[in-house]
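Data first, discussion second: the structure below is written as C-alpha cells.
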Amino acid sequence: MQRFGEKRAHHVQMTTRQRGVGATRRIFGWIALLATALTLSACGFQLRGASEYAFHRLYISGGGQMAVDISRYIRYGSKGTVVVTDPKDADARLELIGTTSSRIAVSLDANGQAREYEMRSAFTFQLVTPDGRPLIPLTTIRLVRNLPYSDNETTARDTEAALLNRDMQKDAVDQIIRRMEAVKSMPEAKHEE
C-alpha cells in the first residue's frame, strides 16, 4: 500500500509542477503584452477614433495611390465626411500636387562603394475651398529613411527600398489627415455682387 501512496504523491507533484509551468507561461505572456503596449505608446501609437473635419464633401485631385489611401481613410475613418468625384459637389478640394523621391549615398566602404543610402521623399499638397481660398496653404512634407546597401543582397535591398517608399507615403498620408483634422472651420462663402 505504501507504493500506491508514493505513486500518488509523485503524480500530485507532477501536476503541481505542470501548473507552475503554465502559470509561468501566463505571467510571461502578460509581461510580453504589457511590454508591447508600453512600446507602442512610447512611439506615439494610439487608437484613433472617427475623425471630424470642418468640411463634409471633399474632392481629391492628383496623387495616385496617395489619393486612394486618403479616400479610403476618410470613407472608413470619418464622421460624416465623404469623398466626391465631381469638384462642383465639394466643400473643399485636396490638391496633391507632386511627389519627388531621391536616393543619396551617405556612407562608403574602403573601395568607394556605397554601404548606406538616404532615401528622401517630398509630398506637396494644399487644401482649398471651391473658389480657391486656402484652408491649408501650399505645404511640402519632407521625409527621410536610411537604407543599408549590400552588393550580395540586391533583391532584398530593392524590396526594402520599396517598403521604405511605401512607409514614407503612409507617413505623409497620416500627416495630411492630421492637418486636415486641424482645420476647425470653413470660411464663409463669397457672395456674388
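The values are calculated or read from the model by the stated rules, or taken from the named source; none is laboratory data. As the structure is a prediction and not an experimental result, all values here were calculated from the model. Cβ placement follows ideal geometry from the backbone for every residue including glycine, while neighbour counts extend to all protein chains displayed. Heavy atoms of the whole protein, side chains included, go into the accessibility calculation; ligands, DNA and RNA do not. Shrake-Rupley method; radii C 1.70, N 1.55, O 1.52, S 1.80 Å.
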How do the pairs read when you match residues in region 155-179 that are closer than 13 Å to SER121 by Cβ and basic (Lys, Arg) with residues anywhere that are open to solvent by less than 30 Å² (accessible area, probe 1.4 Å) and modelled with pLDDT of 90 or more, using Cβ under 8 Å and keeping only pairs 6 or more apart or on different chains? LYS170/ASP69
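Yes or no: ALA161 open to solvent by less than 50 Å² (accessible area, probe 1.4 Å), more than 21 Å from SER51 (Cα to Cα) and among the aliphatic types (A, V, I, L, M)? If you could, list the steps in order and put the result at the bottom.
Values: open to solvent by less than 50 Å² (accessible area, probe 1.4 Å): yes; more than 21 Å from SER51 (Cα to Cα): yes; among the aliphatic types (A, V, I, L, M): yes.
When the stated conditions are applied, ALA161 passes them.
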Give me the residue from region 45-60 that is at pLDDT 90 or above and outside any loop (DSSP other than H, G, I, E, B) and, out of that set, least open to solvent (accessible area, probe 1.4 Å). LEU58
Given the conditions (1) within 30 Å of GLU52 (Cβ to Cβ); (2) of a type outside the set (Asp, Glu); (3) touching a residue at least 60 places away in the same chain (Cβ under 8 Å), and given that PRO187 satisfies all but one, which numbered condition is not satisfied? (3)
Cβ-Cβ under 9 Å, sequence separation 6+ or interchain: first residue in region 62-78 and over 11 Å from GLN169 (Cα atoms) and in contact (Cβ under 8 Å) with a residue 60 or more places away in the chain, partner of a type in the set (D, E, K, R) and assigned to a helix (DSSP H, G or I). Which pairs? TYR73/ASP174
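Could you tell me which of the residues ILE176, ILE136 is surrounded by 14 or more Cβ atoms within 10 Å (Cβ to Cβ) and touching a Leu at 6+ places or on another chain (Cβ under 6 Å)? Step through it out loud before you land on a result.
Numbers: ILE176 fails: touching a Leu at 6+ places or on another chain (Cβ under 6 Å).
Of ILE176, ILE136, the one residue that is surrounded by 14 or more Cβ atoms within 10 Å (Cβ to Cβ) and touching a Leu at 6+ places or on another chain (Cβ under 6 Å) is ILE136.
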Test result for ASP131, of a type in the set (Asp, Glu) and either touching a Leu at 6+ places or on another chain (Cβ under 6 Å) or part of a loop (DSSP other than H, G, I, E, B) (or both): yes
Of (1) in a loop (DSSP other than H, G, I, E, B); (2) surrounded by 12 or more Cβ atoms within 10 Å (Cβ to Cβ); (3) not aliphatic (A, V, I, L, M), TYR73 satisfies every one except (1)
State yes or no: is SER107 out of contact with any Phe, Trp or Tyr (no Cβ under 8 Å at 6 or more places or on another chain), modelled with pLDDT of 85 or more and closer than 30 Å to LEU147 by Cβ? no
